[in-house]
1. Once R0 is set to 45 Å, what does the formula 1/(1 + (r/R0)^6) return for the Cβ-Cβ distance between Ser164 and Ser345, expressed as a FRET efficiency to the nearest 0.05?
2. How long are the semi-axes of the ellipsoid equivalent to the stretch 315-367, from square roots of 5 times the Cα gyration tensor eigenvalues, in whole Å, largest first?
3. For Val238, Val135, what's the fewest-to-most ordering of other Cβ within 10 Å of each Cβ?
4. Going by how many other Cβ atoms sit within 10 Å of their own, how do Tyr140, Tyr367 line up, fewest first?
5. For each pair in Lys68/Lys124; Lys68/Lys151; Lys277/Lys343; Lys68/Lys287; Lys119/Lys316; Lys68/Lys152, compute the distance between the two Cα atoms and list the pairs where it is over 22 Å.
6. Starting from the 7 Å offset along Cα-to-Cβ, what nm value, one decimal, do you get for the label separation of Gln269 and Met186?
7. Run the quick spin-label model on Gln112 and Thr245: label points 7 Å from Cα toward the beta carbon, then report their separation in nm to one decimal.
8. Hey, quick one: spin label on Gln45, modelled 7 Å out along Cα-Cβ, who in the stretch 296-326 has an amide N within reach, i.e. under 18 Å?
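Nothing in this text is a laboratory measurement; each read-out follows from the coordinates by a stated rule. Quick caveat: nothing in here was measured; it's all calculated off a predicted structure. Methodologically, a virtual Cβ is constructed for each residue, glycine included, from the backbone with ideal geometry; neighbour enumeration extends over all protein chains shown.
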Amino acid sequence: MDKSNRPKIGIVLKLIVAQLAFFFVLVVVLGTIMYFYQQNVLMEQFSSNAKTIVQTYAYACADAKEAKDDLQLLAYIDRLKKLPDVVKAAILDPEMRVQIHTEKSEIGKVMQGDPITVKVVTAKEDFLVQPYPGVGGDYYAFSMPILVNMKKVAFLRVDYSSQSIGQIMDAYRERAVLIIIIMLAMVAIGVWGVSFNVGKGISELMVISDAIADEKFDDPLFKEIAKRKDEIGTLAKVLSTTMETVKTNYASYKDKLSFTQMRFNYFLQSIGRYFTKGVIFLDQDNKIIYINSPACAILSTVEDGNIGRHILEINKNVELMEMLSASLTKPNRIMKTELFSLKTSAAVTTVQEETTNEIIGIIIVFY
């Protein structure tokens, strides 16, 4: 054979180059998709959290307005200022005059020249989000009318900065680049090993894959492969034993998990009856497992039909929600505080499983 006619690049090298190119494109495409998906998830979480906070404080401000309690309004605005990503917060009257502001120098100003404020006051929507450029990223003005006797007596505006999202995405992008480089290096090593050392076992591996998919571990050909004295034979024997064990253990695990969860809920419901004070048990999704009559009276809700409902569905008290949020940051500890708006005190404990760090539920006791 004329050596000049031999290919300069062998088929194995071509295979390696082709697979590396494919994986590079695949990783870049998937990385880009994951990047924008992560960005959208963060923005949705950002908007959802901001909306919940603004709605909660708008309802609370409405109660304070109806009671003509300006000190409580000041306290609410001060709390908003301390929340993450909040740039500023204000209460405006229907004439666009600033009644309360996180910056004292802004109080009393008429904001008719500010298009954001104009739209806040004149918009027909009950909830409004207006983006505008700010320092370090876009800002978002969330606003909602404050209603007293179904009349718009004022407007709550809270401006959020998205700078934290940009910082998170910058860090995410840096990690993604590093991961891509590591993955490509691992792929290169793997492709090289597969191309030179595992090619002869491809047909046997296909038989093993078919046997696993069809769960035919007693197939004569599969048993023949399992007799091999190399890695493929060991793989066939291990897979056969492992798949049977996994199926058995998984079925047993599901039964035990369901039974344990049922017994735990029943246990909470049973001990709840012995409390003379108000008590609420929540699951990991903040849905009510048990609530007794004194707790229903404190939260001004009916006693029937509360099991399985989210705690926000029966009460949106700001102080209580802030207490629950603080408890989540310090699990397995009793946190006590006085709830002035409910005219009672409460102790809250977030129960966390110590080995998996999973939240099991929350216990609330009024006293």
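1. Working: r = 34 Å, r/R0 = 0.76.
Computed FRET efficiency for Ser164 and Ser345 comes out at 0.85.
2. Numbers: eigenvalues 98, 21, 13 Å².
So the equivalent ellipsoid measures 22, 10, 8 Å along its semi-axes.
3. Numbers: Val238 11, Val135 8.
Ascending number of Cβ neighbours within 10 Å: Val135, Val238.
4. Working: Tyr140 21, Tyr367 13.
Lowest to highest Cβ neighbour count: Tyr367, Tyr140.
5. Values: Lys68/Lys124 25 Å; Lys68/Lys151 15 Å; Lys277/Lys343 14 Å; Lys68/Lys287 34 Å; Lys119/Lys316 27 Å; Lys68/Lys152 15 Å.
Result: Lys68/Lys124; Lys68/Lys287; Lys119/Lys316 exceed 22 Å.
6. 4.6
7. 8.0
8. 325-326
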